[in-house]
Structures are given as C-alpha cells and as structure tokens.
Amino acid sequence: MDNEQARELLNKYNSGQCTETEKALIEKSFFTFNEQSVEISQEKLKALKKQVSKKLPISKSRSLKVVITISTAAAVIAFAIYMFNPQPENNINRSLRIAEQIFPKGNTALITLSNGKTIELDQHHNELNISDSGLSYSDGKKIKMNSLVESQTISTPKGGEYKIVLSDGTKVWLNAATVLQ
C-alpha cells in the first residue's frame, strides 16, 4: 500500500465510511506502528521541528492579555475617580476661610449718596444721628457732604454693625449686611 492509498483509507475511517475489513487493517497497522520504535536522527528531528513551528501560528499568552486589559481598566477607573471626586480640603484652611467670612467687622458702615458717591463712616464712632441739618456722629462731629442730596443709603458689611438715630428719635441698629434707605 502506498501513501496515497493509505491517506484515502484514513479519510474513509475518519468519516465512518470504511468497511469492517478496512477498519481492522487500520487498527492493526496503528497498534503495530505503536509497538515499533522508530529511530530519527537529530538533524531530521530539528528539521521536523522547524517545519512544524513554521506552520503553527504563534500566539501570545492569553493570560498576559487579560492581565494587561484588567490593569488598564483599573488605571482608567482610578484616574477617573481621582479627577471627578473633590479633593479633601485642609481643615485648617477651610476654618480660616470661614472665620474670615464671618469675622466681626466692628462699627463700620457705608453711606451711598444718590449721586453714587460713597462715604465710609468712622470706626471710632458707633452711632450716627440723622437730622434735618445733616449727618453727625453721637459726639456732635458733622459728616461733610459737598452738596445737598435727596436720598442716602446706609449699609453695613458682613459682620459689621452700626447704630443710627433718625430725626424723629427712632433708633435703628444695622448689622450683618443690612441696608437702610
């Protein structure tokens, strides 16, 4: 039997189309071949290995690809969490900022005239008297205004406070960003 006939017989055996006689012949040849030892020289063995390695596809390790993919995904998630979460603020800096915002400003007030001009009231005086003759502090010191104005707005900053006595004797205390017109 030559190689071509043997190949046809093996194809029939694999597809299940061979007769019982052909099946027995193939199985007998297999077991006989298995018992024989075949000697191959080192050069032929190397040549066969090269030939087989050329025909086999070279594939990278699947586990390495999985590790790289998972590592990349973890890095992207960690970066996204870092970028989109607000950074913890230093408690001392935050406390200082809050204290600056609500720290008392003392006896300060600002008068805004109808022409847009502003006059800062003296911090050493804590009371302002408003009368028909003009504006003055509680000790009688007059506040100079260049011209007669129709309306005035008195305001205090955040944390500030100021006492005002109106022309009819009414006392008004302005505090914490209050405006009196």
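The values are calculated or read from the model by the stated rules, or taken from the named source; none is laboratory data. Being a predicted model, the structure only gives us computed values, none of them experimental. Backbone-built Cβ (ideal geometry, glycine too); neighbour counts: all protein chains shown.
Numerical summary
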read-out	value
Members of segment 10-61 found to be among the hydrophobic types (A, V, I, L, M, F, W, C) and at pLDDT 85 or above, listed by number	Leu10, Cys18, Ala24, Leu25, Ala47
Candidates Ile98, Ile111 - the one that is surrounded by 10 or more Cβ atoms within 10 Å (Cβ to Cβ) and either among the aromatic types (Phe, Trp, Tyr) or modelled with pLDDT under 75 (or both)	Ile98
Breaking point among (1) under 30 Å from Val179 (Cα atoms); (2) modelled with pLDDT under 65, for Lys117	(2)
Condition broken by Ser71, with the remaining ones in (1) surrounded by 10 or more Cβ atoms within 10 Å (Cβ to Cβ); (2) at pLDDT below 85; (3) more than 30 Å from Lys158 (Cα to Cα) satisfied	(2)
